[in-house]
Structure formats: structure tokens, C-alpha cells
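Undergrad: First, the structure itself, so that you have it in front of you.
A short reminder: the numbers here are calculations on the coordinates, not readings from a lab. In this text the structure is predicted, and so the values were computed from the model without any measurement. Counting neighbours? That spans all protein chains shown, and the Cβs are built from the backbone with ideal geometry, glycine included.
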Amino acid sequence: MNLTINWSQVNWLALTPEMIILGFSIIVLLGELFLSKTSKHMLGAVTLVGLVASLVSLGYIWNLQATEFNGMFSVDLTANVLKAILLVTTALVVLGVLKVNVLMGEGEFFSLLLFSVLGTMFMASSADLIMLFIALELTVLPSYILTASKKTRQSTEAALKYFLLGMISSVILLYGMTLLFGLTGETNFAAIAGKLAGHPIQPALVASMLMIVVGLGFKIAAVPFHFWAPDVYEGSPIPVASYLAAGPKAGGFAAIIHLFPLAFGVVAPAWAGVFAILAVASMVVGNLVALSQTHVRRLLGYSAVAHTGYLLVGLAVATKLGYASLIFYFLVYSLAALGAFLVVLALAERGFGENLKDFAGFSRRAPMLALAMAIFMFSLVGVPPFAGFMGKLYLFREAVRSDLIWLAIVGVLNSVISFGYYVTVIRQMYLVSPSEGEAVARMQVSKPLFASIMIIMAAVIVLGVYPNAFLSIIKL
Amino acid sequence: MNVPLEWWLILSAVLFGIGLIGVLLRRNAVMILLSVELMLNASNLNLVAFSRYITPNLASGQMFALFVMAVAAAEVAVGLAIILSIYRNVRSVDLDDFNIFRW
């Protein structure tokens, strides 16, 4: 690796989306410092502007293929699509919490959120082990702080668990990276692939691959590295949980899609098999444990683990079409999960609890929100015509095409199991009346939160009815 | 005296193992943090040794180690802050006392 960089030859255009996010996160942080208490509420709007500006600049370089900083940072369509999904979901979170108390200084909350987004974007674009490690840490460090931001016992315990498990997985990932560096003397993904090609496979390469699977498997909450996910989704403040449910996983999947086919290309059948096993374990464990949950956010946490399992099917297939259907399903899943979290936020804002029984009579309190929640649940199960159905269809079709029919069957069976707990939520909302003597009044929801949920609901329907709108963008 | 590369790798593997055992057996959050630091330093030792023996003319391994040190410092700062804030709630840093969620 050449360490000197010719600054005049760097194509800064490739970095504009990241630069905009970096700029806005610093502006928002300074805003927290210098603005008066009464004007701080506009920092959320500033954050939203930053995210949209970054999204626009991303659209401007949509088809750009570039590698900058001596192969450290690379832009391609996969990275751009995942960055766009990340920016859109984060923008919807920010829109949803505009009028919500975020439990810490607005500037701190939004700038930490933006720093985490920045780390995830760099992770999606990293083409070098050093870059990948630092980007990953930039993603998770702000998430640890955000998880602890409520300062209650529940929130700090979730944060400690998240932090300790996250750090251990980071270290295992790092040790795997050092082995890979030792085998090749290179840190760049493509250079590693070049050095390994044509040589016999060494045990250290397999060990390094497994260690990196552990590290990245933690970030995407795959079984058996999922223990943090349900606790963090339950224990962290709801705005943070909504962000964590959707955004940061994009970085983990992008890193796997970029790293494994290149650096571990010589042991491709091995890691595809490992991902197939993780996929089955995540689907089965996530769905079965979710069946017995009564806390809605914990239920969504286990549902997230199960959905990581579905997404891993795309990695087990290990073809270009497999990755494309993974990305489509990731968009579909993160929209529906984010929508569900925002509905829980709307309930919590009015003082309702977060257990399943608190959803009783929800359809009469807030008909539109209940309808949206029902659609999100149907989409997560994979009921047509909603987006989840198309997503699962593409994923399992790729599995069948690659002779992984058993994996597709396990996936379909798991979708049937998952119907059990998603339908409980719908039953509570529509068929169960609240306890006697409790007045069923119309629930007030803040306008931005309502708008955010409605946008997500529309997207879930449109992507289900007309998926080509998105598929033509990602060139599936 | 020329120390072979294998010795460094064995030392680093032993350090990593000690750290891993500490993580698994210790119940004190601060001690777990220290054990993880040991594992991080095992990785650093790997990086520097590989850099010295395999790519003596390139600095990328040593650069990686420097970045890892910076990241480790940031991680400790965040980790100690979280442990402090949980101590204010529970008056303990023992994992067995943090029992809202099952471990």
C-alpha cells in the first residue's frame, strides 16, 4: 500500500454524500453548543435537510464507479443503493421524531445519529481492511452512546450488553483481519484476492474467514451472535431503536458483499455454507422465540433476528442476483420494521405501554395507524400484495435457482411460523377491546410522526404492487 | 539475536486466549473491558510482527496498529462512561447484578 496520497487527483465527487453528512453532523453539534434553548428544536429540521442533501448528491453520482485514496474507498452501485436505503430510513426516523422528546440534547442526539450514519456509509464504501475496521467502529460507537441516552437502568443495561458484546465481536473481527494481512501482506480487498489466487488454501485463511464472519455476524444480529438485538431494541429509547432496526445493518451487509467474494473468493463454497447455516439458525431461533414474546419491541427484536436469517439466504446463494434480491429485501424489511417502531413510538408518546395488551382497541383509537401497523405486519410475514411478499419471492427464487431448494423451503416454513406472532398484534388491534371502564378516545399523534408512518405505508404498498420501480434502479 | 515470526504469533495467540478466558470468566464489567484490551493488543502485536517480517518495506501494518490504538482509546472512553452511568443506577459493576435482560 502506498501511503502518500496525491490530493489533487482525488475525485471528491465520489465522496460528496459522506462530506455533506460530516459537515451537517459538525454543524448540528455546534448548534447544540451555541444555540439558545428555544431555538434548538430546529436542529432536527437541519439534520433532515442534511440527509436529504446527501441523498440528492448520491443520486447525482448514482452510476459512478470510482476507487479513491489508494484503494481505500470505492463507490459502486451496491454501495450507493445501500447508502440510499440508509439515508431514506434515517430521514424517516428524523422526520418521525421531530416533535418527540429525544431524552438528551437535540444537537447531541442528531449529531451522534449523523456520525453513525457516516460510519455506515464509509463501511458500505470501504475497500480496505483498515477502512472497514474504522468505519465499523464509527458506526457502533455512537450507537452505544445513543442506547444509553435514556440513563434509566433498563437503557444503561441494554447499552452495557450492546457495548461488551460489540467490543468482543470487533476484537475477533480484528484478529481475523490481522491473519488475513499476515497471509498476504496486503490490506486492500482486491490486492488480497490477487495474492491468494492460485495458492493452496491454508488453515489460517479459513480461521480468518470464520473470525470475520463472527465479527460481521454480530453487526447484522445473526444467530448465535444475536443476544444484544432484542435487549437493545427493548431497552433503548424508541427513536434510537427505530434507527438501529433499519440503518446500521446496511453497512454490515455491504461489507460482507464487498469483502467475501473478493478476499475470500478462493474459499467461496465454505463461507456460502457458513452463511446458509447461520441463515437457518437465525430464521428458526428468531421466529420460535418471537412466538412467546409479549413486549412488542422485544417481539420486533426477535423478528429482526429472523429477518437477518432471510437476508442471509441472499449471501448463501452468493451470486450477483442473490445480492440484488438481498438488497431489495433489506429495503422492504427495514421500511416495515421502521414503520412498526414508529407506531410503537406514537403509542408511547401518548403514555400507552409497549406490551401486546396495550394494543387492544388500537384500531378505534387511531384507525389509520392501526391500518398502517397491520400492513407492516402483513409485509413482514410476506402476504401479497405487500412489499414483503415480493422481497421473499425474489430471495427464495434465487435460492431455488442455485440448487438451495432446502433453504428456500426452510424460509417458507419459517414465514408460516412467523404468521403466528405477527397476527397476534393485528388481533389485539382489531378484535380485542380494551379493559372495561377504559374510555376509547381518539389518539392524538404529532403531524411529522404521522406523515412519516404514512410515507412508509405508501412505500410498502407501492414496492409490493410495482417492485420494478425499485428493481430497475438496482438493475436486478 | 533474530526472533522468528512464529514466536511473536504464539505470544499473540496466548495473549488473545488469556483475554478471551477473562471475557468468559470475569463477572466485573471493568475487568471484561481490560480483557478485551488484551485481545486488542494481541491483534496489534500480530499486525506489527507481520509488518516487520512479511512487508518490511511497507508501513501499512504499523499504520493499521496505530489506528487500532486510537479506536481502542475511543472505545474505552465510551465503555467507561456506560459503566459509570450503569453504576449510578445499580451501585454495582458486577454483571450478575444486571438482570433486567437475561444474559
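Undergrad: Which Cα, out of A:F386, A:S39, A:V171, lies furthest along the positive dipole direction of the protein assembly as shown (beta carbon charges, K/R +1, D/E -1)?
TA: Positive-most Cα among the choices belongs to A:F386.
Undergrad: Let me ask you something else. Can you give me the three principal axis dimensions of segment A:166-224 from its C-alpha atoms, in Å, biggest first?
TA: 34, 18, 16
Undergrad: Still on this structure: What is the angle, in °, between the Cα long axis of helix B:5-25 and the longest principal axis of the Cα atoms in chain B? Nearest 10 is fine, range 0 to 90.
TA: Orientation of helix B:5-25: about 10 degrees from the principal axis.
Undergrad: Oh, and also: Compute the angle between helix A:43-60 and the longest alpha-carbon principal axis of chain A, please, reported from 0 to 90 degrees and rounded to the nearest 10.
TA: The helix A:43-60 is inclined about 40 degrees to chain A.
Undergrad: Moving on. Assign unit charges at the C-beta atoms only (+1 for Lys and Arg, -1 for Asp and Glu), then state the dipole size of the protein assembly as shown relative to its Cα centre in Debye, rounded to the nearest 20.
TA: Roughly 1040 debye for the protein assembly as shown.
Undergrad: Please report the equivalent ellipsoid semi-axes of segment B:5-97, computed as sqrt(5 x eigenvalue) of the Cα gyration tensor, largest first, in whole Å.
TA: Output for segment B:5-97: semi-axes of 32, 16, 4 Å.
Undergrad: Normalised radius of gyration for segment A:335-451, please: alpha carbon Rg relative to 2.2 N^0.38 Å, two decimal places.
TA: The value comes to 1.25.
Undergrad: Could you give each residue of segment A:92-100 its phi-based ³J(HN,Hα) in whole Hz, using Karplus coefficients 6.51, -1.76, 1.60 with θ = phi - 60°, and x for Gly or Pro?
TA: Ordered by residue, 3J(HN,Hα) equals 5, 4, 4, 4, x, 9, 3, 9, 10 Hz.
Undergrad: Where does the protein assembly as shown land on Rg/Rh, using Cα atoms and the Kirkwood Rh?
TA: Here Rg/Rh amounts to 0.96.
Undergrad: Which is the longest stretch in chain A that no exposed loop site breaks, taking sites as GluC sites (Glu not before Pro) with a DSSP loop state and at most 10 other Cβ atoms within 10 Å?
TA: A:1-435
Undergrad: Considering only A:A441, A:L103, B:A73, whose Cα is most displaced toward the positive end of the charge dipole of the protein assembly as shown, charges sitting on Cβ of Lys, Arg (+1) and Asp, Glu (-1)?
TA: Value: A:A441.
Undergrad: Using a 10 Å cut-off around each Cβ, can you sort A:L138, A:L146, A:L210 from fewest to most neighbouring Cβ atoms?
TA: With the fewest neighbours first, A:L138, A:L146, A:L210 line up as A:L210, A:L138, A:L146.
Undergrad: Then there's this: List the pairs from A:K99/A:K151; A:K320/A:K392; A:K249/A:K392; A:K99/A:K219 whose alpha-carbon separation is above 23 Å, in the order I gave them.
TA: In this structure, A:K99/A:K219 exceed 23 Å between Cα atoms.
Undergrad: Just counting partner chain Cβ atoms within 10 Å, what average do the residues of peptide B:31-39 show around their Cβ?
TA: 3
Undergrad: Let me ask something else. Just to confirm the number: angle between the C-alpha axis of helix A:129-147 and the first principal axis of chain A, 0 to 90 degrees, nearest 10?
TA: 20
Undergrad: Taking each residue of A:365-373 in turn, how many C-beta atoms of other protein chains fall within 10 Å of its C-beta, and what is the average?
TA: Per residue, the number of nearby Cβ atoms from other chains is 0 on average.
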